[in-house]
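Only one structure is covered here, and it is reproduced in the block below.
The values are calculated or read from the model by the stated rules, or taken from the named source; none is laboratory data. Since we're looking at a predicted model, the values are computed, not measured. We place every Cβ from the backbone using ideal geometry, glycine too, and count neighbours over all the protein chains shown. The area values use the complete protein model at the heavy-atom level, side chains included, leaving out ligands, DNA and RNA. Shrake-Rupley method; radii C 1.70, N 1.55, O 1.52, S 1.80 Å.
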Amino acid sequence: MLNNVADGEQVGIEGDAYEQVSHVLKAARPKIQKWIGDAGEDNADLMDRLLLMNDLINNVLDRYEACKKGDWAKAAEIDAA
């Protein structure tokens with residue numbers, strides 16, 4: 001979704017889809033972090049996947065906050081991959 005935001009478009013208006021997705025991601029973060037703690041070193045593959053999910057969520061939220069503030073340069077420099 002954020003890849004399709006036009007430069008100057010308003011993002012994060014109360015109730016818009018971007019805000020709704022950000023709330024879901026913010027709510028998921030503590031759950032994923034708990035799973036990371038529970039996974040332990042015994043299941044390295046699961047740990048890697050959970051860490052990747054956590055990193056992706058953090059990147060998306062960083063990009064969202066930058067877009068919301070109108071900082072398009074910062075939003076573009078955060079790796080979308």
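For GLY12, the amide hydrogen comes within under 5 Å of the amide hydrogens of TYR18, GLU19, counting only partners 5 or more places away or on other chains and with H modelled in the peptide plane.
Give the ranking of ASP45, ASP71 by solvent-accessible surface, highest area first, calculated with a 1.4 Å probe.
Details: ASP45 95, ASP71 65 Å².
Correct descending sequence by accessible area is ASP45, ASP71.
The lysines whose alpha-carbon is closer than 16 Å to the alpha-carbon of LYS69, local same-chain residues fewer than 8 away aside, do not include any residue. Loop-located trypsin sites (Lys or Arg not before Pro) across the stretch 29-81 with a Cβ neighbour count of 16 or fewer within 10 Å are LYS69, with loop assigned by DSSP. Given +1 on the Cβ of Lys and Arg, -1 on the Cβ of Asp and Glu, and no further charges, what dipole in debye does the chain carry about its Cα centre, rounded to the nearest 20? Value, rounded to 20: 240 debye. Here's the picture: charge each Lys and Arg Cβ at +1 and each Asp and Glu Cβ at -1 in the chain, and of VAL21, MET1, ALA44 the one pushed furthest to the positive end of that dipole is VAL21.
Could you list the GluC sites (Glu not before Pro) in the stretch 1-77 that lie in coil according to DSSP, counting only those with at most 13 other Cβ atoms within 10 Å of their Cβ? Spell out each step's value before the answer.
Values: sites: GLU9, GLU14, GLU19, GLU41, GLU65, GLU77; in loops: GLU9, GLU14, GLU41.
Counting only loop positions with at most 13 other Cβ atoms within 10 Å, the GluC sites (Glu not before Pro) in the stretch 1-77 are GLU9, GLU14, GLU41.
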